[in-house]
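The values are calculated or read from the model by the stated rules, or taken from the named source; none is laboratory data. Please read these numbers as outputs of a predicted model, since none were measured by experiment. Cβ coordinates were reconstructed from backbone atoms using ideal geometry, including for glycine residues, and neighbour counts include every protein chain displayed.
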Amino acid sequence: MFIQTESTPNPATLKFLPGKVVMAEGTADFRDADAAEAASPLAARLFAVPGVSGVFFGYDFIAVTVEGAEWQHLKPAVLGAIMEHFMGGDPVLAPAHSHDADAHRETGEEFYDKEDEEIVLTIKELLETRVRPAVAMDGGDITFRGYEDGTVFLNMKGACSGCPSSTATLKHGIQNLLSHFIPEVQHVEQVV
């Protein structure tokens, strides 16, 4: 098995491409070992590597974030954990969690005024077709959380969470795109 790696705009995060589908639908974001242990054998294995502080699963990639450690020291251990997992044929998500994977991916409900439903549908369409594919290339994901008084609230996950350039991405990239197509959008804010 050959696993490719790619850097991301977040220096603490590397993107690992195992050459196969990781999550056929949706994404999964783990920020601590306890949540990973309960929901994903692969995430639990990665959190067992000292220094790993975040694991994010996309369609065909795994983004791993480290804290207080150098990638040159951790990369072989992370590669080994991923290879061992896939060679063993274990599931990415624990069977009890695979039917309801969204439970540990999203926090909170969407919020917006029903009068703004047409604007929200346009925002979601633009995020899905123009923003999410680009963000996934960098090892992350972005989801709609809400819209209120001209402000769009988004949740950034994976490599995008905590990335030094995420504010620029939100303010200059996404805000400009949405404002161009939807004049009512004046601001974009990140929520957790």
Q: Quick one: which strands (runs of 3 or more DSSP E) lie wholly within the range 131-192 and hold at least 3 residues that are surrounded by 20 or more Cβ atoms within 10 Å (Cβ to Cβ)?
A: 140-148, 151-158
Q | Yes/no for Glu118 being without any contact (Cβ under 8 Å) to a residue 60 or more places away in the chain and in a helix (DSSP H, G or I) | A | yes
Q. Which ones in the range 6-31 are crowded, with 17+ Cβ neighbours inside 10 Å and part of a strand (DSSP E or B)?
A. Thr13, Leu14, Lys15, Phe16, Leu17, Ala28, Asp29, Phe30
(Q) Against the condition within 11 Å of the chain's Cα centre (by Cα) and of a type outside the set (D, E, K, R), how does Ile62 come out, does it pass? (A) yes
Q: Would you tally the residues in the range 154-190 being modelled with pLDDT of 90 or more and either hydroxyl-bearing (Ser, Thr, Tyr) or within 18 Å of Gly140 (Cα to Cα) (or both)?
A: 1
Q: Can you work out which of the residues in the range 32-85 that are β-branched (Val, Ile, Thr) and free of Cβ contacts under 8 Å to residues at least 40 places away in the same chain is surrounded by the fewest Cβ atoms within 10 Å (Cβ to Cβ)?
A: Val49
